[in-house]
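Single-structure report; data block below.
FYI, it's all coordinate maths here, none of it is from the lab. Just so you know, these numbers come straight off a predicted model, no measurement behind them. Here the Cβ positions follow ideal geometry from the backbone for every residue, glycine too, while neighbour counts run over all protein chains shown.
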Amino acid sequence: MKHDAIASVVKRIGGNPWARRLTYAIRNRRVFDDLYQHDRMLADRVRLDAYRAAFAKYIKPGDVVVDLGTGTGVLAFLAARAGARVVHAIDHGPIIELAREVARDNGITNVVFHRCHSTSFELPKRADVIIHEQIGDSAYDERVIENIADLRKRVLKPGGRILPDKLAMFVEPVELKDGFDASFAWQQRIDGISFRALRARSATQPHSYWYRAFRPFPFGRFLGEPAPLVDIDLSKAVRGDLPRRLSSERTVVSPAGRFDGFCVYFNARFNGEVSFSSSPAGRPTNWGNALLRVEPREVGPGESIRLHLKAKDLADPESWHWTAD
Ligand SMILES: C[S@@+](CC[C@H](N)C(=O)[O-])C[C@H]1O[C@@H](n2cnc3c(N)ncnc32)[C@H](O)[C@@H]1O
């Protein structure tokens, strides 16, 4: 009884958008405090190759650049190498002290570090470019839209560049690779023993049971032709632009297969010319992919799979509810 009461208070506080934002900010700082995530991000060649190529094209000699969420400083250093006059590197976590050490160790003197949250960062003269990598596994979950909108309004020159400037989210029906079975426990029948009685417990399963994160994702194939479910232009978007109700329809392509759920990934573009993606069909990256679970079923070519997704906040996957038909 005591546990139930505590659980209900936590659930009520957790459901409050303001409390969720606060706990997000605290969690975000903690996640990037040590080197665990930075090991993976620095080793991700797909990501860094795209940023390097984009900076070579879109950072001009003499540019003033702002790096939102510098972490180990890697993007700030690449921007400096690409010709920026000065890079203002911002991070709200202690990791920025390590970035300072890396700069010192490499004799990089045109990166200025600011330990603060981006919303309290100020510049006396507006910048030419904002660079950022605030992309979560489900695209918008690192609060990229609101953080960029704030900096764009306060510190970027009119017509200034945002790199990357487009961020699309995909939620595609997939078949998992051989050997992976995402069936629910209540669908199982083992040696004639049915587990259907467990279906009654489905309503009490945690969100992570339905939104199952994989790294790497056991990808078999896409069942239809992928297309963005949402595509956000960071040079205009503001918080509140994310839709709360979405739907899509895919026609199953040959051959017949098993519909195991929807796979979530993103595509980030720089002025439409350079891009990278966390698609499970592409080169591996440090991002994970979630499977939005549904009861797996066999599907044939020409059949339709429809997704209906409701989200209190699309930037918060814990608020997502979906069905498939
Ligand atoms: C995904 S990491 C990227 C780090 C680095 N830019 C890179 O590409 O390797 C995001 C970083 O942004 C920082 N961060 C997140 N939100 C921030 C905000 N609003 N203001 C300042 N720093 C932020 C985190 O502490 C973290 O170090």
- prompt: Given a cut-off of under 8 Å on Cα pairs at least six residues apart, what relative contact order in percent is computed for the chain?
  reply: 17
query: Any idea how far apart residue 253 and residue 303 come out in nm if each label point goes 7 Å out from Cα toward Cβ?
result: 1.8
task: Order the peptides 302-308, 63-69 from the highest to the lowest mean number of other Cβ atoms within 10 Å of their residues.
output: 63-69, 302-308
Label point 7 Å beyond Cα of residue 199 along Cβ direction - residues of segment 297-317 with amide nitrogen under 15 Å: 297
- prompt: What ranking do 153-166, 85-98, 240-253 get when scored by the average of other Cβ atoms within 10 Å per residue, highest first?
  reply: 85-98, 153-166, 240-253
- prompt: Classify segment 244-325: rounded, prolate or oblate, from the alpha-carbon gyration tensor (a ≥ b ≥ c, eigenvalue square roots; a/c under 1.5 rounded; otherwise prolate if a/b is larger than b/c)?
  reply: oblate
query: Using modelled amide H (1.01 Å from N, peptide plane; none on Pro or chain starts), what sits under 5 Å from the amide H of residue 259, excluding residues fewer than 5 places away?
result: 297, 298, 299
- request: Apply 1/(1 + (r/R0)^6) to the Cβ-Cβ distance of residue 120 and residue 271, taking R0 = 25 Å, and write down the FRET efficiency to the nearest 0.05.
  value: 0.30
query: What percent do you get for the relative contact order of segment 48-109 when only Cα pairs under 8 Å and 6+ apart count?
result: 34
message: Give me the mean projected area, in nm² to one decimal, of the convex hull enclosing the Cα positions of the chain.
response: 19.2
- prompt: Once both labels are modelled 7 Å past Cα along the beta-carbon direction, what's the residue 157-residue 233 spacing in nm?
  reply: 2.1
- line: Note on segment 166-211: alpha-carbon gyration tensor, axes a ≥ b ≥ c; rule is a/c under 1.5 for rounded, else prolate if a/b larger than b/c, else oblate; result oblate
query: Computed FRET efficiency, Cβ-Cβ of residue 183 and residue 213, R0 25 Å: what is it to the nearest 0.05?
result: 0.90
Helix 45-58 axis, angle to the chain major axis (alpha carbon atoms, nearest 10°): 40
- prompt: Where does each of 290-297, 210-217 land if you order them by average Cβ count within 10 Å, highest first?
  reply: 290-297, 210-217
- line: Rg/Rh over Cα atoms for segment 73-196, Kirkwood Rh, comes to 1.24
- prompt: What number, rounded to the nearest 500 deg cm²/dmol, is the helix-based mean residue ellipticity at 222 nm of the chain, given -39500 (n - 2.57) per DSSP H run of at least four residues and division by all its residues?
  reply: -8000 deg cm²/dmol
message: Which of rounded, prolate or oblate describes segment 211-277 when judged by the alpha-carbon gyration tensor and an a/c cut-off of 1.5?
response: prolate
- request: Choose one of 198, 285, 61: the residue whose Cα lies farthest towards the positive end of the charge dipole of the chain (beta-carbon charges +1 Lys, Arg; -1 Asp, Glu; about the Cα centre).
  value: 61
